[in-house]
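Notes follow the structure.
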Amino acid sequence: MDIQEAVSSAIQRAIAELYQQEISEVTLQPTKKEFDGLYTFVTFPLTKTLRQPPAQIGQAIGAWLVENSEVVSGFNVVQGFLNISIADAAWLTVLNDMAQNPNFGTLPKRGESVMVEFSSPNTNKPLHLGHLRNNFLGDSMSRILNANGYDVVKTCIVNDRGVHICKSMLAYRMFGSDETPESSGMKGDHLIGKYYVLFDKAYKAQVEEMVAAGQPKEEAEKTAPLMQEVQQMLRLWEQGDPETVALWQKLNNWVYAGFDQTYKAIGVSFDKTYYESQTYLLGKEVVDEGLEKGVFFRKDDGPSGRGSVWIDLTDAGLDQKLVLRSDGTSVYMTQDLGTTDMKYADFGTDRQIWVVGNEQDYHFNVLFAILARLGRPYAGGLYHLSYGMVDLPTGKMKSREGTVVDADDLIAETTEAAATAADEAAKGKLDEFSAAEKANLFHMLGLGALKYYLLKVDPQKRMQFNPAESVDLHGNTGPYIQYVHARIRSVLRKAQESGQWAVGSGQLATSLDPIEQQLIFLLSQYPQRLREAGTDYAPSYMAQYAYDLAKTFNQFYDKLPILKETDADKLITRLVLSDLVAKTIQQTMGLLGIEVPEKM
């Protein structure tokens, strides 16, 4: 039963019978907390048509609903607001429908596909806290869209070439002494990240010496010997120099092995990975096409009349944008035009979503505008899931200065903090766990703390990550929700072990406490919240829903007895309700990529 639809339909019938008027649509809103009721119907818009004061209209409709609708149990009118209470029988029908439906919350297949591109790491450093927000957003959106009935393809593009990669390569050649991940005891991505930091320190020292000798800083930064060597290494790589390419492949393979370990630890995977080294030359044919169509224009700023190529988007408020340099080399926009075409050729998805930080908002606005003007069939289904940066209490992270918090270290620290918090809260109850079970539980809690903390915030907001706050078992955190799930499972196990309950047996009660009504209503909202999260690209909606559900269950648990209830029908009702809450918490947290424990 859809209670909102039933109430709306009943109101339409009431108006037709009382006033001989037909209204095509009834809008209901949640009743304010200070008044009794679940839904509120505003009668002000009807006063002109029905020629009665709004309060009088509300009284008449409310009385009709109580008399004629099995769904409505009571009402109150505040000026032009008709507040409607729902009958216990209706709530129990809703509970029974949800409990008996094995596919509750499953939305139908749409027959549409969507690609979600996320992660986008560089092979000169390990994944860090900012990457975690990106990965968690991309992974969670993939799960939410899949639950909304889309066929989802998860892709990643790795930035594995360019000046920044050559900086690590040059530093390794200068300082590495054939160090390997095995000899150093470091993951490959951490090892190469160390050399990226070493390059920056050596380069800055050179620049400082040149400035001290009287050279302008800007000139020193461009002409420093180390920077010249990096540029030469990049040229050699582009020319296919065997020695340079071999070094590049060796270091990158170390990094990939490190990335794989991190991805496995955080539960993230991809259907296809693209590499910039294989895509950076793409897009030039698109530029030629754009020139032929008159979408692009060439400036007279190059040799032999071959100037740079631009697009004028000033009429769209985006200014003019370079798409190809005068020497024929690509810019990032060129590459993205070609790569987007290639991804569409590979998968033909109806939509493409990029999970990229908000510093690239302008870039994606331009990319989407260009593809639309080129007439790409997929141009209407492009979306940039923009998100804010993540700061630490100590400030902004900087990779080249070595102030970045590595993802692996953060996972380990959060897991340790979660273990301490869980041990203190358990008061010895974890003694029955084996060492392996404890390790698994603490990893689950630590990762749940990280994911939930980074996903509960609106993606577009810049945020500060507080490790200690994330593992709190009493606040709006992942471990709090995980604990509630474990608590419910413990109750259900005891009920089954004592013979008080067998799944699918027993009869529901005939009356409900208001907190039980509230819990049933919240459960019934799951499909709507899921749809909204998919439409608005907002995992934060599901995080908030999971917290609301866990918090409301705790209020229910504290107010009403479950296993000590002597009325058999009420006992069954509360166990059925508890079971459905546990399943829905597990399902909701799963959409965030978070596992929930069976016991803790």
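Take the Cα of GLN21, step 7 Å along the line toward its Cβ, and report every residue of region 42-83 whose backbone nitrogen sits under 11 Å from that point.
Under cut-off, by backbone N: 43-54, 57-58.
Treating the beta-carbon of each Lys and Arg as +1 and of each Asp and Glu as -1, no other charges, what is the dipole magnitude of the chain about its Cα centre, to the nearest 20 debye? Please list the in-between numbers first.
Details: 58 positive and 77 negative charges, 64 e Å.
With Lys and Arg at +1 and Asp and Glu at -1, about 300 debye.
Taking square-rooted eigenvalues a ≥ b ≥ c of the alpha carbon gyration tensor, is region 407-591 rounded, prolate or oblate, where a/c under 1.5 means rounded and, failing that, a/b exceeding b/c means prolate?
Values: a/c = 2.45, a/b = 1.34, b/c = 1.83.
Oblate, because a/c is 1.5 or more while a/b does not exceed b/c.
Please give the calculated 222 nm ellipticity per residue for the chain, where each DSSP H segment of at least 4 residues contributes -39500 (n - 2.57) and the sum is spread over every residue; nearest 500 deg cm²/dmol? Numbers along the way, then the final one.
On the way: 23 runs with 330 residues, N = 600.
Calculated from helices alone, the mean residue ellipticity at 222 nm is -18000 deg cm²/dmol.
At GLU209 and ARG462, where each label point lies 7 Å from the Cα along Cα→Cβ, what is the point-to-point distance in nanometres?
If labels sit at GLU209 and ARG462, their model points lie 3.7 nm apart.
Based on alpha-carbon centroids, what's the gap between region 455-471 and region 414-443 in Å, whole number please?
So the two Cα centres are separated by 23 Å.
Using label points projected 7 Å from each Cα along Cα→Cβ, tell me how many nm separate GLU416 and ASP151, to one decimal.
Modelled inter-label distance: 4.7 nm.
Can you pull out the trypsin sites (Lys or Arg not before Pro) in region 1-85 whose DSSP state is coil and whose Cβ has at most 13 other Cβ atoms within 10 Å? Walk me through the numbers before you get to the answer.
Numbers: sites: ARG13, LYS32, LYS33, LYS48, ARG51; in loops: LYS32, LYS33, ARG51.
Answer in residue order: LYS32, LYS33, ARG51.
Taking the Cα centre of region 181-257 as the origin, how large is its charge dipole in debye, to the nearest 20, when only Lys and Arg (+1) and Asp and Glu (-1) carry charge on their Cβ atoms? If you can, show how the numbers build up before the last one.
Details: 8 positive and 12 negative charges, 45 e Å.
In debye, rounded to 20, region 181-257 gives about 220.
Going Cα to Cα from LYS125, which lysines come in below 18 Å? Please leave out same-chain ones fewer than 8 positions away.
LYS167, LYS187, LYS194, LYS201, LYS250, LYS264, LYS396, LYS398
Explain nothing, just the number: relative contact order of the chain, from Cα pairs under 8 Å at least 6 residues apart, as a whole percent. Write down the numbers at each step before the final one.
Working: 925 pairs, mean separation 82.3, N = 600.
Reported relative contact order: 14 percent.
Explain nothing, just the number: relative contact order of region 3-86, from Cα pairs under 8 Å at least 6 residues apart, as a whole percent.
Working: 140 pairs, mean separation 25.6, N = 84.
Normalised by residue count, the contact order of region 3-86 is 30 percent.
By how many nm would the segment from ASP361 to LEU392 grow when fully extended, if each residue of separation counts as 0.36 nm and the alpha-carbon distance is taken off? Don't jump to the answer; show the numbers that get you there.
Details: separation 31, 0.36 × 31 = 11.16 nm, distance 2.30 nm.
Extending this stretch completely gives an extra 8.9 nm.
Using the alpha-carbon centroid of each, what span in Å lies between region 39-91 and region 473-490?
Measuring centre to centre over Cα atoms gives 39 Å.
Given the options GLN517, GLN587, ALA421, identify the residue whose Cα lies farthest towards the positive end of the charge dipole of region 407-591 (+1 on Cβ of Lys, Arg; -1 on Cβ of Asp, Glu).
Final value for the positive-end residue is GLN517.
Hey, what angle do you get for helix 225-238 against the long axis of the chain, alpha-carbon based, 0 to 90 degrees rounded to 10?
Tilt of helix 225-238: around 80 degrees.
Looking at region 263-340, which trypsin sites (Lys or Arg not before Pro) are in a loop (DSSP not H, G, I, E or B) and have at most 13 other Cβ atoms within 10 Å? Please report the intermediate quantities before stating the final value.
Working: sites: LYS264, LYS272, LYS284, LYS293, ARG298, LYS299, ARG306, LYS321, ARG325; in loops: LYS299, ARG306, ARG325.
Sparse-neighbourhood loop trypsin sites (Lys or Arg not before Pro): LYS299.
I need to check one value: relative contact order of region 407-591, counting alpha carbon pairs closer than 8 Å and at least 6 residues apart, in percent.
On the way: 174 pairs, mean separation 42.6, N = 185.
Worked out over region 407-591, it gives 23 percent.
Treating the angle as unsigned and between 0 and 90°, give the value, to the nearest 10°, between the Cα long axis of helix 3-19 and the longest Cα principal axis of the chain.
Between helix and principal axis, roughly 50 degrees.
Would you order MET233, MET589 from fewest to most other beta-carbon atoms within 10 Å of each residue's own beta-carbon?
On the way: MET233 21, MET589 24.
Listed from fewest to most nearby Cβ atoms, that is MET233, MET589.
Apply 1/(1 + (r/R0)^6) to the Cβ-Cβ distance of GLU34 and GLN320, taking R0 = 51 Å, and write down the FRET efficiency to the nearest 0.05. If you can, show how the numbers build up before the last one.
Values: r = 56 Å, r/R0 = 1.10.
Once rounded, the FRET efficiency stands at 0.35.
Please report, in debye to the nearest 20, how large the charge dipole of region 476-554 is about its Cα centre when each Lys and Arg carries +1 at its beta carbon and each Asp and Glu carries -1 there. Intermediate results must be reported in sequence, preceding the final value.
On the way: 7 positive and 6 negative charges, 53 e Å.
Its charge dipole is roughly 260 debye.
What is the helix-to-structure angle for 54-68, meaning the angle in degrees between its Cα long axis and the longest Cα principal axis of the chain, kept from 0 to 90 and rounded to the nearest 10?
Long axis of 54-68 versus the principal axis of the chain: about 70 degrees.
Quick check on region 363-510: take the gyration tensor over C-alpha atoms, sort the square-rooted eigenvalues as a ≥ b ≥ c, and tell me if it's rounded (a/c under 1.5), prolate or oblate.
Details: a/c = 3.21, a/b = 1.54, b/c = 2.09.
Judged from the Cα gyration tensor, region 363-510 comes out oblate (a/c at least 1.5, b/c at or above a/b).
Among (i) 58; (ii) 41; (iii) 51, find the value of percent of Cα pairs over 33 Å apart that was calculated from the structure presented, and write down its label.
Evaluating percent of Cα pairs over 33 Å apart on these atoms matches (i).
Taking Cα centroids, how far is region 517-585 from region 308-378 in Å?
44 Å
Only the coordinates and a few stated rules stand behind these numbers; no lab work does. Note that the coordinates shown come from a computational prediction; the quantities given were computed from them, not determined experimentally. We place every Cβ from the backbone using ideal geometry, glycine too, and count neighbours over all the protein chains shown.
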